[in-house]
Amino acid sequence: MIKTGTYLDLLLMIVMIAATYYYYEKTKDPNWRPFIRHIPALDAISEGVGKSVEEDQPVHFAMGASGGQLYSNLVSMTLTALAFLRHITGLCAEYGARLIVHMPYQTESIPIIEGTAREGFAFAGKPEMYRRDDMRYYGRGALTWTQGVTASYAEEGVGLNLSIGIFYSDCPISLEMAHIMGGMNVGGTGRWIMVYAFAMMCDYVFLGEEIYAAAAQVSEDPAMLSGILIEEVGKFFVYILLIVGTLLAAVGLDVASLLSI
Amino acid sequence: MASVIGGLIGTLFIIATMSMLWKDNVFFRFGQAAIMGASVAHYTFMNFQSVHTNAIMPIMAGNVMFIIPVILGLLMYSRLSADLAWLAKYPTSVLVGVGTGVMIAGTLRGQIIDQIKQTILDAFTGLNGILIFIGVVTAFSFFIFTREHTGALGTSVKIGRVFLMISLGANFSGELVWYLTQMIGRLMYILNEFIWPLLGA
Amino acid sequence: MAIFKREIPTAVLSFVGVVVLLAFFTTLDIFETLNGVFTSWIPVVSAASVGLGLIYMIYAQYMNYQRNKNLNNLIYLVVPLVFFVIFFGTALVVPGNISSDAYQWLYFHIYQNVGGVIYAVMFFTLASSAIRTMRLVTKDPSGALQFRLEAAALMFGGLIYTLRQIPLFQVYLPGIVGFGEWIMLVPNVGGGRAAVIAAALGAIVVGIRTLWGKERTTTEVD
Amino acid sequence: MATAKERLAKTTRFYQIIWALCLIGMFIPLIYPLGLPVVLSEPVKDYYKQIADLPEGSVIAVSFGASASLLDEQEAQFLATWKTIFDYGHKVIWYCTTEDSPIVIRNELEVVKPESYGYTYGEDYVILPYSPLGEAGETAFALNIRSIYTTDIDGTSLDAIPLMQDINDQSGIDLLIFEYTACTSIEWVVRQWVVPYNKPVIATTLGCCGPMAAPYYPTQVQGFLSGSGAGTELEVVSGNPGPGAAMGDAKNLGILPFLVAVLWMNVKPFIGKEE
């Protein structure tokens, strides 16, 4: 009944489902706080907000021209960006920094973005800091977004530019402009193809998957935290396969066939 | 003459968009707004045509199964009403459910197990293969989040990051030369569609 | 009523997803057949819902203009509509539709042209950011020179692979093609493969959570 | 200490000079061609070999996800690929997966002229209309072509097209050419064609997507063309000259100012120049 050639896939699938179940049960404990390694770029965010206040410049938050995807397989990156939005509103409220949010062009995501920012300020006890004028929307199209964002950087100045989310060819321009304006760039994306732009242009970068771990840390959201731990189980499985497979190949076994079961 | 006029209009659009590099201006915005409308028109037309060819025509021919996806597609429009927006959850559920199912099925083998298999096989093919093996093992260790990157893990991560950076460099380069080609393509357009016809060459 | 808004859509999602998975893992024909049916629906559902983009675009530009009545926002409201009518009208009315000379003219001189030049603009901005960041050595605040290993690795991969793609260097820089290929097929594969596996695991975690009905966006966002 | 605005103005001026030099560099070879040769790379040779080594009359399916905006980067690849397929007498099924593909493929076949190779539409090649397949659609296509397409691009029923008589699913296809422009879409073909059916696959894509296709080469994806440079290489290896040569020429001088600027920025700290 099980197709030949899918046994190993099925085993990995079962491992991941079991891990999901196990960690989902863990999240029911309100005191559950798993250890997640220190991510240096996280510290830079509060440093950047402090710098913005000192220099009397605004903090900018961008989640990508196309960063509001709610129905694609990139949705986890949208959620990550929202976790950071919530985090940065808290920090801005605490330090008293002005926050400008550059919203993506997916209109369906606008309510959830505006809601997250409003909630963040309200939670920090500074609901008056939420300003609708600073929630910017530039219409559809990546380049109009890029142009609107860069114009805002140039006209209003940049203290910290936190860019996290789904980025395509929009980020080389926006990150570059924020840097030229003397801003501190902190950011990252899970789209590996664009990570190079962040690595080149950011003062502190979240490399690829790091954004998920960082978002789980700042949000302390059990679902996000458990996601990181489930992934770690998968990584353990990968290492086991790599080590065992290499050892078996070294003693002359046909690993290609073994791994094709 | 029509082609020279076309070339002229096209050239003006190119210059309008390029002018952004000098300074933000109203012509740039006009060009962007135009392409926004044009692309939505093209996409809308092509997709409606696709529904007609690939669903309505089969339904007319008696293949009634295609009624279901058409109805699901139409339910998407319920998002426009706050009261009925929940109806859109049904087509979304089908899209996400099928999308997730096909993604998981192929990912397990294609992007995890086969990649591991190839890495192991590479390791026994010579120096390059060993380098790939080291690259995969060390770069993958960078993505471990439940341990601090110190000690042996720290060393592995340092090596892994060099591999990751070289990979990012290659991505950058591919992107840069692609953009360069796009610029050359537009210059060729200006020459072939406007300047040469204008000069009668 | 709440059950129709939350539980049943989630159950539908889980059902179709699990069926597709079972078709992959088992030899039972029923799942294979259902897999064929479900997957063939997707393109039709996607195509039928594309008009939403048009409505969203008009609504968003209109709201934007209402919020801030300036020239730029007026352009963004009116010009797309004008071009929409021109393109859609031509495709719909002129005999031959998208194959007609009129549509081909619009397509070639405006649509393809402006679409292409957007990427051309990126060449310049990407080049300038590379000029700024591709530095092996920088000065620290005390004036001492510092070598940056990771920046060097990025620059190494980037420049070698760039030179490999340019005919001038292929001819006058012997070995650059082989070296560029080596970058792409050895260290890039090492790093890239690790990233592929890590991203795949991440996708599976989200996938399982989604099929389980625990993903917030699919269950809570209206 | 310069203000941000002054710094912006100064930096922008420097970049604008480099940009202008790059533009001039691109223009010159378009008017006075240099005609430099190109050197072939392994993924391109393998791509060509996959087509050339198929027995004559094999059926190639082309999942065609072209974008009109990106033709500058890909036209050379496309034209050289179609010509190579026709040279070897294979049968082709194009199925359009993006809104632009139907227009692009029709315009290109007007240039390549399959008839000049003795090809007849319907018998030797067929074009299936646009449908936004995505990954799930690729699955459905491989399982049952008629569940996605019931007619060709002109509205003729597939059952009335001679080439399609015996082709119902992936088993009737000998090689898949996957054309895509979103770098991660290479995963679709690996997941939906390679994993379940072990189908031979080659890919055509943008320059930036090559490094992301490399981890799948050569075992899962047997060859790939990445960017216009690879298109030019295929023109050379297949003996079918096309637009790639002029593109390659213009790249030579267009990139030089950039490279010189990078070099200059790296030399600066050593000769005591300011940041």
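The values are calculated or read from the model by the stated rules, or taken from the named source; none is laboratory data. All of these numbers come straight from a predicted model, not from anything done at the bench. Cβ sites come from the backbone with ideal geometry, for glycine too, and all protein chains shown count toward neighbours. Surface areas here come from the heavy atoms of the whole protein model, side chains and all, with no ligands, DNA or RNA. Shrake-Rupley method; radii C 1.70, N 1.55, O 1.52, S 1.80 Å.
Laid out as a table, the results:
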quantity: Hits in region A:241-261 (condition: under 21 Å from A:T4 (Cβ atoms) and facing chain B (nearest Cβ under 7 Å)); calculated: A:L241, A:G245, A:V255, A:A256, A:L259
quantity: Counted residues, region A:19-37 - those being outside any helix (DSSP H, G or I) and either at pLDDT 90 or above or exposed (fewer than 12 other Cβ atoms within 10 Å of the Cβ) (or both); calculated: 6
quantity: Pair list, Cβ < 6 Å and 6+ apart or interchain, from region D:3-16 residues that are open to solvent by less than 40 Å² (accessible area, probe 1.4 Å) to residues that are of a type in the set (S, T, N, Q) and modelled with pLDDT of 75 or more; calculated: D:Y15/C:S128
quantity: Some residue of region B:151-163 being of a type in the set (F, W, Y) and closer than 11 Å to C:G190 by Cβ; calculated: yes
quantity: Failed condition for B:K158, given (1) open to solvent by 40 Å² or more (accessible area, probe 1.4 Å); (2) at pLDDT below 90; (3) at the interface with chain C (Cβ under 10 Å from one of its Cβ atoms); (4) more than 24 Å from D:V194 (Cα to Cα); calculated: (2)
quantity: Among residues of region D:105-141, those that are assigned to a helix (DSSP H, G or I) and either of a type in the set (D, E, K, R) or crowded, with 24+ Cβ neighbours inside 10 Å (or both), counted; calculated: 11
quantity: All positions within region B:73-99 that are surrounded by 24 or more Cβ atoms within 10 Å (Cβ to Cβ) and not in a helix (DSSP H, G or I); calculated: none
quantity: Some residue of region D:94-102 being surrounded by fewer than 20 Cβ atoms within 10 Å (Cβ to Cβ) and of a type outside the set (S, T, Y); calculated: no
quantity: Complete set of residues in region A:215-240 that are without any contact (Cβ under 8 Å) to a residue 40 or more places away in the chain and either in contact with a His (Cβ under 8 Å, 6 or more places away or on another chain) or open to solvent by 30 Å² or more (accessible area, probe 1.4 Å) (or both); calculated: A:F236, A:Y239, A:I240
quantity: Flag for D:Y130 being touching a helix residue (DSSP H, G or I) at 6+ places or on another chain (Cβ under 8 Å), at pLDDT below 95 and of a type in the set (S, T, Y); calculated: yes
quantity: Any hit, region B:123-134, residues being at the interface with chain C (Cβ under 8 Å from one of its Cβ atoms), closer than 24 Å to C:W182 by Cβ and touching a residue at least 24 places away in the same chain (Cβ under 8 Å); calculated: yes
quantity: Condition met for B:Y90 (farther than 18 Å from C:Y103 by Cα and among the hydroxyl-bearing types (S, T, Y)); calculated: yes
quantity: Region D:250-275: number of residues that are in a helix (DSSP H, G or I) and at pLDDT 85 or above; calculated: 17
quantity: Helices (runs of 4 or more DSSP H) completely within region C:120-222 that count 2 or more residues being open to solvent by less than 10 Å² (accessible area, probe 1.4 Å); calculated: C:149-165, C:176-185, C:187-211
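Here's the yes/no breakdown for (1) among the hydrophobic types (A, V, I, L, M, F, W, C); (2) within 12 Å of chain B (Cβ to nearest Cβ):
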{"site": "A:Y7", "(1), (2)": "no, yes"}
{"site": "A:I14", "(1), (2)": "yes, yes"}
{"site": "A:F35", "(1), (2)": "yes, yes"}
{"site": "A:H87", "(1), (2)": "no, no"}
{"site": "A:R98", "(1), (2)": "no, no"}
{"site": "A:E108", "(1), (2)": "no, yes"}
